Every structure is written in structure tokens, then in C-alpha cells.
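Scroll down for the structure; my scribbles are underneath it.
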Amino acid sequence: MGAGLLHDVPLDELASGFEEVVLVDIVHPWLRPRATRRPNILRVTADVTNTVAELYRVSDEPDLPLPLSKPTLMLDDDRVDLVVSLNLLSQLPCMPLAYLTGIGAHSLAKRDEYARDVIAAHLDYLARFRCQTLLITDIERLKIDMMNRVVERKDLLFGLTLPRIDDEWQWRLAPCPEVDSRHHYDRRVIAVRNPH
């Protein structure tokens, strides 16, 4: 689920090892030629948070609560034997938050509460699958100066923490001067097997 542009995903190996590989995203980027080469790779367009439609309905009504996330996609499908949540956890609330911020109808506290709920609900969703699950996600944005010192950190999980981390690495998302003439921008990325 949530495989982004799939540059680092071993799609050929997955397609060879599984009867069917289902890529789930709310919007499938156009640049996915590898995803269309194999007949057993399917793309499903879906909102895994189950909040977006309701969020737009209540977005300009500050007195109405923002929706709670209750993901259910594929939970009742006994054929699912591996779920990978890839580059998704920190991204789930991004577009809804940008929309809510743009219209300015809900407070920052309500927006942050919505983001925390979406992230926590996704972790609970992964725990409800009866098969193996793997979470790979960025959890922190780092701004790094030319002396390789971290000068700014941003928590991408809105204060939520994971009970454990199985692996961790740093990804240079935007090396200097791509975005900033004096700083690099990295992401702290983690992997968790069966995040229950």
C-alpha cells in the first residue's frame, strides 16, 4: 500500500514470488511503467484512511468534528498474506492538512488531532491483518548545514511513537543546493516488522 513512485520497490521479485501484487494509493502517479508490465500487478485507487470524503464535507464547518479514521480495506480478504505500508505513514495526513490549512476553518489543534488519529489508525489497521506486515516510513525531517550538523528537526508523526524500530537509516531527500543553497534536507526512515 502506498508505494509512491516505486523506484526502490523490487516489483519484479514481488510479482515473481506472489500470485498477485496489489498497489494501493489514493492517486497513482503516471510514472509507473514497471507496475504495468506484469499482469499480476494490480493498481487499486482507494483512500486507506476512510476520511477524505467526510473531511471535505465538514472542512468549512468549524463546529463540526473532523472525521476519525477507520481503515478496513482488504481486512476481510483471506488471500492477503503480506502487507507492506511503504512511504505512507507520514504522508497520510499531508494533503488533507494542506487543504484544511488553506481554507482556515479548523484550528491548528484540531488539524494536529486529525493527523495523529489518521496515523494511529493506520498503525492499528496494520495490526489487524492476520498476515505478516511491514512498515517502512519516514518519521523525522532533518535540516542539515554544510558542516553536517542537524540544525532543525521536525517530527512527522505528530508526537506519536512506535513501540519498537527494527531498522533505521537516513535518506538525503534534497541535497544542497537542490532546495536550499546552505542546507541539505534528510529524512529519518524506519522499518518495523509486524508493528503491533
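Every read-out reported here was derived from the displayed coordinates using simple, explicitly stated rules and does not represent laboratory data. Because the structure is a prediction, the values reported are computed rather than measured. Counting neighbours? That spans all protein chains shown, and the Cβs are built from the backbone with ideal geometry, glycine included.
A few comments on the model shown:
- Taking a sphere under 14 Å around the Cβ of Arg141 and counting the other residues whose Cβ falls inside, with K and R at +1 and D and E at -1, yields a net charge of 0.
- Fully extending the segment from Arg128 to Arg193 would add 22.0 nm, taking 0.36 nm per residue of separation and subtracting the current Cα-Cα distance.
- Projecting label points 7 angstrom from Cα along Cα→Cβ for Lys154 and Asp112 puts them 1.5 nm apart.
- Residues in the stretch 46-87 reached by a label modelled at Met95 [backbone nitrogen below 14 Å; 7 Å Cα→Cβ]: 46-56
- Compactness ratio for the chain: Cα radius of gyration over 2.2 N^0.38 Å (N = residue count) comes to 1.09.
- Amide H contacts under 5 Å for Glu140, placed H, 5+ residues apart: Leu156, Arg188
- Counting beta carbons within 10 Å around each of His28, His106 and listing the fewest first gives the order His28, His106.
- For the stretch 41-52, Karplus couplings with θ = phi - 60° (6.51, -1.76, 1.60), whole Hz, Gly/Pro x: 9, 10, 10, 10, 8, 7, 8, 5, 7, 6, 10, 4
- Taking amide H positions as modeled 1.01 Å from N, with prolines and chain starts lacking one, the residues under 5 Å from Val24 and 5 or more places away or on another chain are Gly2, Ala3, Val44.
- When the Gaussian network model of the chain links Cα atoms closer than 10 Å, the mean-square fluctuations of Met146, Met95, Met74 top out at Met146.
- 16 Å cut-off, amide nitrogen to a point 7 angstrom out along Ala174 Cα→Cβ, residues in the stretch 134-155: 140-146, 151-155
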